[in-house]
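Chemist: Pasting in a structure now, in structure tokens, and then I'll have a few things to ask.
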């Protein structure tokens, strides 16, 4: 009996599928399972909960209307004079920024 078992075992061990294929399939399957487990942690413990306005009011958090803020910013931009501007060249990486700033100041003082 042990001789037949030994013969069967030797035959199975000669098979490339059993030596390389089965471990590879197990590795891929187990890897997929554990990767799914680690990826699910990201979603289970996510801190980014959104508050409803009612919940924020209960907690004492003041909410700001985004449209009102945008309108205020638009009014500030409209007040600024955007037609009177001057194009100022920045220094190149190989140029000294101090000398460039001094030259820019001289040019603006002359105008």
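Since every read-out is calculated from the coordinates, none of them should be taken as a lab result. Just so you know, these numbers come straight off a predicted model, no measurement behind them. Neighbour counts are summed over all protein chains in view; Cβ atoms, including those assigned to glycine, are modelled from backbone coordinates with ideal geometry.
Chemist: Any residue at all in segment 18-37 that's exposed (fewer than 10 other Cβ atoms within 10 Å of the Cβ) and touching a helix residue (DSSP H, G or I) at 6+ places or on another chain (Cβ under 8 Å)?
Modeler: no
Chemist: Moving to a separate point now. Give the residue, chosen from 102, 109, that is assigned to a helix (DSSP H, G or I), surrounded by 10 or more Cβ atoms within 10 Å (Cβ to Cβ), out of contact with any strand residue (DSSP E or B) (no Cβ under 9 Å at 6 or more places or on another chain) and on the phi < 0 side of the Ramachandran plot.
Modeler: Testing whether each residue is assigned to a helix (DSSP H, G or I), surrounded by 10 or more Cβ atoms within 10 Å (Cβ to Cβ), out of contact with any strand residue (DSSP E or B) (no Cβ under 9 Å at 6 or more places or on another chain) and on the phi < 0 side of the Ramachandran plot leaves just 102.
Chemist: So is residue 51 closer than 30 Å to residue 66 by Cα and surrounded by 10 or more Cβ atoms within 10 Å (Cβ to Cβ) or not?
Modeler: In short, yes.
Chemist: What are the residue pairs meeting all of these: first residue in segment 68-95, first residue closer than 27 Å to residue 109 by Cα, second residue surrounded by 10 or more Cβ atoms within 10 Å (Cβ to Cβ), Cβ atoms under 7 Å, and 6 or more apart or on different chains?
Modeler: Partner pairs satisfying both residue conditions: 88/104; 91/97; 91/100.
Chemist: May I pose another question? Search segment 1-27 for residues that are at negative phi and free of Cβ contacts under 8 Å to residues at least 24 places away in the same chain and pair each with any residue that is loosely packed, with under 10 Cβ neighbours inside 10 Å and part of a helix (DSSP H, G or I) when their beta-carbon atoms are under 8 Å apart and the residues are at least 6 apart or on different chains.
Modeler: 19/13
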